[in-house]
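Novice: First the structure, then my questions, so here it is.
Read the figures in this text as sums done on the coordinates, not as results from a lab. All values reported here derive from a predicted model rather than from experimental measurement. For neighbour counting, all protein chains shown are included, and Cβ atoms are generated from backbone atoms with ideal geometry for every residue, glycine included.
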């Protein structure tokens, strides 16, 4: 898949591309349905399949006070999209100036003049352009004028509601990683770099842990989770704790993971932590010994969970 960052770097001419547009945060099952339709339509018509996304996420420019943390940084998003055999991923820089571009101008100047779109596929509630004035009715009308066709897709629903990035974010923040994974169609993960922790895992609790500094990704609700951890090309079972370690009076949020049957030093490594299921909330214990006993129970429960979710 060719990745193009910025309209100024759009130098090639593509064969009547089939295009979809959106933020694709999480690349969930709803996004996947649209992406698959783009790929299939492009193959059917011998055209270029193209995904257009925006960085940073428009909400960070339009409504920065919300301070939303998103599911997939661009490198992860592009990796997930590439799995669907898409030809081109065009990432348009979203700035305060770009936010002022009128919907009519976006269609004419970018979709038609720059990209020569032949077919566009979007969700039925897709809005675009300054003040979100553009919609599917405008795309259909301008398609007749400029010569491209439009396919509007209904939202994908699952477990009682529409699948959306905002719904998945809420599930993760509520600790329901199991349902979030169902809506994503994959196991949610975060990436981080292993650094130095307080050293209590090995010395005090007899359970060595890797302490992660995470990237710009949404971490699930505080608590203990059954996880799988990718280190290099290998996957290890494990248990993770997100929290402040209240038993030791710590105030800073930490991300710790203990890998089963793993003895190497992970410092400096960038593992991926896949959250399979939440085990319990974080709580304060009367002593390190009480915490140690609970950790052994957590490990046993995590192993049973991970055995079920192969």
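Novice: Given the Cα-Cα distance of residue 93 and residue 152 and 0.36 nm per residue of separation, how much length would full extension add, in nm?
Specialist: Answer, rounded to one decimal: 18.7 nm.
Novice: Once label points are set 7 Å from the Cα along Cα→Cβ at both residue 125 and residue 234, what is their separation, rounded to one decimal in nm?
Specialist: 4.5 nm
Novice: How high is the FRET efficiency from residue 290 to residue 69, r the C-beta distance, R0 22 Å, rounded to 0.05?
Specialist: With a Förster radius of 22 Å, E is 0.10.
Novice: I would also like to ask the following. Treat each spin label as a single point 7 Å out from the Cα along the C-beta direction, and report the residue 214 to residue 45 distance in nm.
Specialist: Placing both labels 7 Å along Cα→Cβ, they lie 4.0 nm apart.
Novice: At 222 nm, what helix-only mean residue ellipticity would the chain give, in deg cm²/dmol to the nearest 500, using -39500 (n - 2.57) for each DSSP H run of four or more?
Specialist: -8000 deg cm²/dmol
Novice: I've got another one for you. Once the Cα atoms of helix 136-146 and of the chain are each reduced to a long axis, what angle between those two axes, in degrees from 0 to 90 to the nearest 10, is obtained?
Specialist: That helix lies at roughly 40 degrees to the long axis.
Novice: Can you sort 101, 276 by how many other beta carbons sit within 10 Å, fewest first?
Specialist: The order, fewest Cβ neighbours first, is 101, 276.
Novice: Working from the alpha-carbon coordinates of the stretch 2-159, get Rg over Rh, Rh being the Kirkwood radius. Show your work: numbers first, answer last.
Specialist: Values: Rg = 14.8 Å, Rh = 15.9 Å.
Taking Rh as the inverse mean 1/r over Cα pairs, Rg/Rh reads 0.93.
Novice: Now, a different point. When a footprinting reagent is the concern and you count Cβ atoms within 10 Å, what order do 305, 242 take, fewest first?
Specialist: 305, 242
Novice: Order by neighbour count: 263, 282, fewest other Cβ atoms within 10 Å first, most last.
Specialist: Fewest-to-most ranking of 263, 282: 263, 282.
Novice: Calculate how large, on average over all directions, the projected area of the Cα convex hull of the chain is; give the answer in nm² to one decimal.
Specialist: With the hull built on Cα positions only, its mean projection is 17.7 nm².
Novice: Using 0.36 nm per residue, how much length does the chain from residue 79 to residue 62 gain when fully extended, once their Cα-Cα distance is taken away? Don't skip to the answer; put the middle values down first.
Specialist: Values: separation 17, 0.36 × 17 = 6.12 nm, distance 2.62 nm.
Roughly 3.5 nm would be gained on extension.
Novice: Using only Cα atoms and rounding to the nearest 10 degrees, what angle (0 to 90) does helix 288-308 make with the longest principal axis of the chain?
Specialist: Roughly 50 degrees, rounded to the nearest 10.
Novice: Just to be sure I understand the model, the point goes 7 Å from the Cα along the line to the Cβ. What's the resulting residue 254 to residue 281 distance in nm?
Specialist: The two pseudo-label positions are separated by 2.2 nm.
Novice: If I fit a long axis through the Cα atoms of helix 29-45 and take the longest principal axis of the Cα atoms of the chain, what angle between them do I get, 0 to 90°, rounded to 10?
Specialist: With both axes taken from Cα atoms, the answer is about 40 degrees.
Novice: Taking R0 as 51 Å, what's the FRET efficiency between residue 222 and residue 141 from their Cβ-Cβ distance, rounded to 0.05?
Specialist: Numbers: r = 49 Å, r/R0 = 0.96.
The pair residue 222/residue 141 has a calculated efficiency of 0.55.
Novice: For an R0 of 25 angstrom, estimate the FRET efficiency from the Cβ-Cβ distance between residue 55 and residue 174 and round to the nearest 0.05. Don't skip to the end; give the middle numbers.
Specialist: Numbers: r = 27 Å, r/R0 = 1.09.
With a Förster radius of 25 Å, E is 0.35.
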